[in-house]
Amino acid sequence: MKEIFENIPKIPYEGADSKNPLAFKFYDAKRLVMGKPMEEHLPFAMAWWHNLCANGTDMFGRGTTDKSFGAEEGTMEHARAKVDAGFEFMQKLGITCFCFHDVDLVPEAQDIKETNRRLDEISDYIKEKMDATGIKCLWGTANMFSNPRYMNGAGSTNSADVYCFAAAQIKKALDITVKLGGKGYVFWGGREGYETLLNTDVKFEQENIARLMKMAVSYGRSIGFTGDFYIEPKPKEPMKHQYDFDAATAIGFLRYYGLDQDFKLNIEANHATLAGHSFQHDLRISAINGMLGSIDANQGDYLLGWDTDEFPFNVYETTLCMYEVLKAGGITGGFNFDAKTRRPSYTKEDMFEAYILGMDSFALGLLNAAAMIEDGRIDAFIKERYASFESGIGAKIVSGEATLKELSEYAENMENPALPGSGRQEYLEGVVNSIMFR
Ligand code: XUL
Ligand code: CO
């Protein structure tokens, strides 16, 4: 088969001193970190949509990048060329997984039966490539936000016919995900939200979303899907208000509708920051609720108010992310680069350099986070900070035996409590710096 990324070799690890743009400086797949190779800590995935489909089109201008891969766009030949390009790309980078939306794989036809036939055909071809290379599917999903029929949402639409169409897309996307052995299935509710309460029955819309998710779970389980379903929270964009605002909101929704046994969360860095949180905040909230499933690895721009989907470069963020992941005992999903090169980065080399940046930034994050844990000063500080709950009245509170009356009497019998002790944030940030720049 013809090589698509000619002149680009398999990307080697060359170390921090390398000046070779097409080499890893920090991602060394086999290097052991806390007893486990980097590649097992960091199961990276390629996002089909950004990497193989997006060509730099934005609201103000046409595409800048040629993603035809030698075939005419909008044809099944092009769909196959994208498969060839994707597998060559992943193999050259040593990426072991991919994620997809149904319509990333094939051009959507007028008739859903024809779209589904195309999906059958392309997934046969993808399966062949997977068997030949050992590359796996991290998760699949249905795009229920691009087609105009979804202008008012999919599960949250006001049209029962559109709702059925969404159900049909989910069914097929689940079929393909199972066929490809996908570990997870994602619901990102891009248009599951509203523009104005003046035309919206919020309660009804949320109930309908939950009904659709329940049907998806029951169908998925019936065809042998044993993986996790994921909600990917995002507060806004494209809708003004989206129901899966952030991790805490999505967890509340899943619990309220009894979906929490089948669902976990897929946390995307740029979505968390759009919700006014840090990336690590949403990771922590998911983890302490037992719902940290997978990660969409990207970064936003704090000067811009939208989802810029940049490749991760901010090592403080990847460090604090990996700290959460290691503390949570790892994730069952993976690290999907839901990221795109900037519009002026339009060459094939840029595609590789972007992934090298992302993988190196996460490798650095992993090394730093492991060093923070091994160093122990942060853990020790937190333990000491809550020590008053380990014995005496504090222990009684934690055991659940204490009553409000008893605590009141305890308070009446003491002088004013001493100040609770310095939070020492600046000291702790200094610890992080001293570890990161050691
Ligand atoms: C959009 C986004 C999606 C989901 C999958 O912001 O993140 O690409 O990851 O639908
Ligand atoms: Co995403």
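Below is a table of values for the structure above.
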item	result
Single residue of the stretch 36-64 satisfying the filter (crowded, with 19+ Cβ neighbours inside 10 Å and over 18 Å from PRO107 (Cα atoms)) that is farthest from ligand 2 (Cβ to nearest atom)	MET38
Residue count for the stretch 23-48, restricted to those that are touching a residue at least 60 places away in the same chain (Cβ under 8 Å) and touching an Asp or Glu at 6+ places or on another chain (Cβ under 8 Å)	9
Matching entry among GLU429, GLU349, GLU374, GLU409 (being more than 37 Å from the chain's Cα centre (by Cα) and modelled with pLDDT of 95 or more)	GLU409
LYS30 vs. criteria among the charged types (D, E, K, R), in contact with a strand residue (DSSP E or B) (Cβ under 7 Å, 6 or more places away or on another chain) and at pLDDT 95 or above	yes
Residue selected from the stretch 233-250 under the condition in contact with a helix residue (DSSP H, G or I) (Cβ under 7 Å, 6 or more places away or on another chain) and within 22 Å of THR332 (Cβ to Cβ), by the criterion farthest from ligand 2 (Cβ to nearest atom)	ALA248
Filtered residue count, the stretch 50-63, keeping only those that are within 12 Å of ligand 1 (Cβ to nearest atom) and either part of a loop (DSSP other than H, G, I, E, B) or touching a His at 6+ places or on another chain (Cβ under 6 Å) (or both)	1
Output for the stretch 140-153, where each listed residue is more than 9 Å from ligand 1 (Cβ to nearest atom), surrounded by 24 or more Cβ atoms within 10 Å (Cβ to Cβ) and either farther than 18 Å from LYS240 by Cβ or among the aliphatic types (A, V, I, L, M) (or both)	GLY140
In the stretch 307-360, residue nearest to ligand 2 (Cβ to nearest atom) [restricted to those that are aromatic (Phe, Trp, Tyr) and assigned to a loop (DSSP other than H, G, I, E, B)]	PHE311
Evaluation of TYR243 against (1) within 15 Å of ligand 1 (Cβ to nearest atom); (2) without any contact (Cβ under 8 Å) to a residue 40 or more places away in the chain (one fails), failing number	(2)
Number of the exception - GLY392 against (1) more than 30 Å from GLY35 (Cα to Cα); (2) in contact (Cβ under 8 Å) with a residue 24 or more places away in the chain	(2)
Search result, residues across the stretch 381-432 that are outside any loop (DSSP other than H, G, I, E, B) and polar (S, T, N, Q)	SER388, SER399, SER408, GLN425
Test: residue in the stretch 406-427 that is surrounded by 11 or more Cβ atoms within 10 Å (Cβ to Cβ) and closer than 30 Å to LEU32 by Cβ	no
Some residue of the stretch 124-137 being within 16 Å of ligand 1 (Cβ to nearest atom), touching a strand residue (DSSP E or B) at 6+ places or on another chain (Cβ under 9 Å) and in contact (Cβ under 8 Å) with a residue 24 or more places away in the chain	yes
Residue identified as more than 27 Å from ASP131 (Cβ to Cβ), in a helix (DSSP H, G or I) and of a type in the set (D, E, K, R) among LYS113, LYS82	LYS113
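The values are calculated or read from the model by the stated rules, or taken from the named source; none is laboratory data. Remember, predicted model here, so these are calculated numbers, not experimental data. Cβ coordinates were reconstructed from backbone atoms using ideal geometry, including for glycine residues, and neighbour counts include every protein chain displayed.
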